[in-house]
Amino acid sequence: MLNQKQIDTIMSTMAEMFPNAHCELNHRNPFELAIAVMLSAQCTDALVNRITPELFEKYHEPEDYLAVPEKELQDDIRSIGLYRNKAKHIRQMCQCLIDDYGGRLPETRDELIKLPGIGRKTANVIASVAFGEPALAVDTHVERVTKRLGICRWKDSVLEVEKTLTKRVPRDKWSQTHHQLIFFGRYHCKAQHPNCPECPLLYLCREGKKRMKGEGVAVGK
């Protein structure tokens, strides 16, 4: 496990690498963001962004998603993985918004997480991106990067990863750190082909050192 100074170095380096890291899901308002994040489960942001332009032109409010048969919504998002379950959860969420929140999306993570189909990660993303609430969502990129680098342990659960990060990163940097970790994992420390040879954090990365050693490359700083 890395110490605080090493973690600070990692975070500042990522901030330099990706100063403009941001949510890449296209949306025009918090409700559209909620739909996009729900669609993105086990799916890439790029794929979601290919279908949401037409989807958001057809559906504007929670009532719109309930005004059509569930099968029609399924067909509209069929190119997305798990589209049947996602259509079901979107409609359940919309019904809950109408019944309990006057058709408006609640603004806090604690309220968002009560909605059907909205898990902790999704609630963190919406609260942070749409409403500016400090939050540090842990998706597959964040989990992979923090475990490879040794910020977290391989056996840590997603919740344990979140707790470690929120303890080690200043609260006012949670949201931006979330995006920078994602960009680092999405564009540099990829799941299958991480760019270890050119990584400025290689000297701190336990996984990268093992990879380079296996290729006969010496690592040091």
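The values are calculated or read from the model by the stated rules, or taken from the named source; none is laboratory data. Owing to the predicted nature of the structure, the values given are computational and were not obtained by experimental measurement. Positions of Cβ are backbone-derived with ideal geometry, glycine not excepted, and every protein chain shown enters the neighbour counts. Note: areas computed on protein heavy atoms with side chains; ligands, DNA, RNA excluded. Shrake-Rupley method; radii C 1.70, N 1.55, O 1.52, S 1.80 Å.
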- Using Cα pairs closer than 8 Å and at least 6 residues apart in sequence, work out the relative contact order for the range 96-221, in percent. 19
- Over all directions, what mean area does the Cα convex hull of the chain project, stated in square nanometres? 12.6
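What order do you get for 154-163, 8-17, 190-199 when each peptide is scored by the mean count of other beta carbon atoms within 10 Å, highest first? Write out the running numbers ahead of the final one.
Values: 154-163: 14.4, 8-17: 16.7, 190-199: 12.5.
Averaged packing, sorted descending, gives the order 8-17, 154-163, 190-199.
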- Item | Cleavage-rule hits (GluC sites (Glu not before Pro)) in the range 64-139: DSSP loop, at most 11 neighbouring Cβ within 10 angstrom | none
- Note on the structure: Note to self: C-alpha centroids of the range 92-170 and the range 12-26 sit apart, in Å, by 18
- On the accessible surface of the chain, probed at 1.4 Å, how many percent belong to carbon and sulfur atoms? 49
- Surface accessible to a 1.4 Å probe, per residue, for the residues of the range 72-162, Å²: 44
- Which percent of Cα pairs goes in each bin when the distances of the range 79-163 are cut into 5 angstrom slices starting at zero? 3, 14, 19, 19, 18, 15, 8, 4, 1
- For 173-181, 39-47, ranked highest to lowest by mean beta-carbon neighbours within 10 Å, the order is 173-181, 39-47
- Task: Calculate for the chain the 222 nm mean residue ellipticity that helices alone would give, adding -39,500 (n - 2.57) per DSSP H run of length 4 or more and normalising by residue count, nearest 500 deg cm²/dmol.
- Result: -17500 deg cm²/dmol
- Round to the nearest 10 and report in Å² the accessible area of Tyr187, as given by a 1.4 Å probe over the protein chains' heavy atoms. 110
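Please compute the per residue accessible area over the range 23-69 with all protein chains in place, 1.4 Å probe, rounded to a whole number of Å².
Numbers: 2240 Å² over 47 residues.
Averaged over the residues of the range 23-69, the accessible area is 48 Å².
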